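Everything below concerns the one structure shown next.
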Amino acid sequence: MHGRKSHLHNRNGPAAQLAYGTSRNDTIPVCGDNNNGFGSLFNWNLVGDGQHTIRVYDNDVQFASAAFTVTTLGGEFLAGLSGKCDLDGFPHVDKDVSLQWQESAQNFVIASVSDKVPVKIIQSNVGNNATVDAFTVPGGKRLVITDVVISNPNATAAHRVGIYNDVIAVTDFITAAPNSAFSHTFATGLEFAAGGVVRLYNGSTAGPIHFYLRGFLTNP
């Protein structure tokens, strides 16, 4: 088993010696020992974009192969870059994952995993020139409102309404047309920190109005 080589087949590239002898307890039933693990570090960007084949040899006898695809970002090693992104509802609908660029890995790695608890805020019959505290964000959590529906049952008058985080407006004033519903999905969400109060305002004197807000609680 000693002297294994890895042959990365890319335009007939040369074979590369593998490190050998690391612990693999799962191989004991077949091999009778556990010091038979092997591996190698390799920068896949060196082989370029496209499909390639790697072949593994034991004393010049091939015993394994695999096809793989490489997609580069335009260079062998990217330095001085930074970036992050969020995966919404991954790996489950009640989770969010944040990814961050790691130069040493030349890839995005998991920076954090957050719980995600759905929240619905329903506030009916908010009266004339009235403000209602509809929801307080629990300690250690952050609220993100993604969808807002405002229903105006008045058949003749429009309503001017607003959504506040305590006393700070998180939206411009919204006009709900007579006998209709205003509906909007926010691409980045309306965010409220722990202890923040979702405050709903009806700036009209033409009667009550109804609010429906949907979002989720997550980690700060």
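The values are calculated or read from the model by the stated rules, or taken from the named source; none is laboratory data. Quantities reported herein were computed from a predicted structural model and do not represent experimental measurements. Because the Cβ atoms are built from the backbone with ideal geometry, glycine has one as well, and the counts that use them run over all protein chains shown.
Taking the stretch 181-210 as the range and being surrounded by 15 or more Cβ atoms within 10 Å (Cβ to Cβ) and over 25 Å from residue 94 (Cβ atoms) as the test, the residues that pass are 182, 199, 200, 201, 202, 203, 204, 206, 207, 208, 209, 210. All of (1) loosely packed, with under 15 Cβ neighbours inside 10 Å; (2) free of Cβ contacts under 8 Å to residues at least 60 places away in the same chain; (3) farther than 30 Å from residue 99 by Cα; (4) not charged (D, E, K, R) hold for residue 122 with one exception: (2). Could you say which residue among 182, 173, 186 is modelled with pLDDT under 90, under 25 Å from the mean Cα position of the chain (by Cα), aromatic (Phe, Trp, Tyr) and in the same structural domain as residue 135 (by TED's automatic domain parsing)? It is 186.
Evaluate the following for residue 93: is it in a strand (DSSP E or B), in contact with a Pro (Cβ under 9 Å, 6 or more places away or on another chain) and farther than 30 Å from residue 205 by Cα? Answer is no for this residue. Could you grab the pairs with beta carbons closer than 7 Å, sequence gap of 6+ or different chains, first residue in the stretch 192-213 and part of a loop (DSSP other than H, G, I, E, B), second one of a type in the set (D, E, K, R) and surrounded by fewer than 17 Cβ atoms within 10 Å (Cβ to Cβ)? Correct list of pairs: 196/166; 203/160; 204/160. Screening residue 108 against (1) surrounded by 12 or more Cβ atoms within 10 Å (Cβ to Cβ); (2) assigned by TED's automatic domain parsing to the domain that holds residue 208 leaves a single unmet condition, (2). Residues that are among the small types (Gly, Ala, Ser), in contact with a Gly (Cβ under 8 Å, 6 or more places away or on another chain) and within 23 Å of residue 117 (Cα to Cα): does the stretch 176-183 have at least one? Checked the stretch 176-183: no residue is among the small types (Gly, Ala, Ser), in contact with a Gly (Cβ under 8 Å, 6 or more places away or on another chain) and within 23 Å of residue 117 (Cα to Cα). Among the residues making up the stretch 125-152, those that are part of a loop (DSSP other than H, G, I, E, B) and surrounded by 17 or more Cβ atoms within 10 Å (Cβ to Cβ) are 137, 141. For the stretch 15-32, taking the residues that are surrounded by 12 or more Cβ atoms within 10 Å (Cβ to Cβ) and farther than 17 Å from residue 57 by Cβ, the one that is modelled with the lowest pLDDT is identified as 31.
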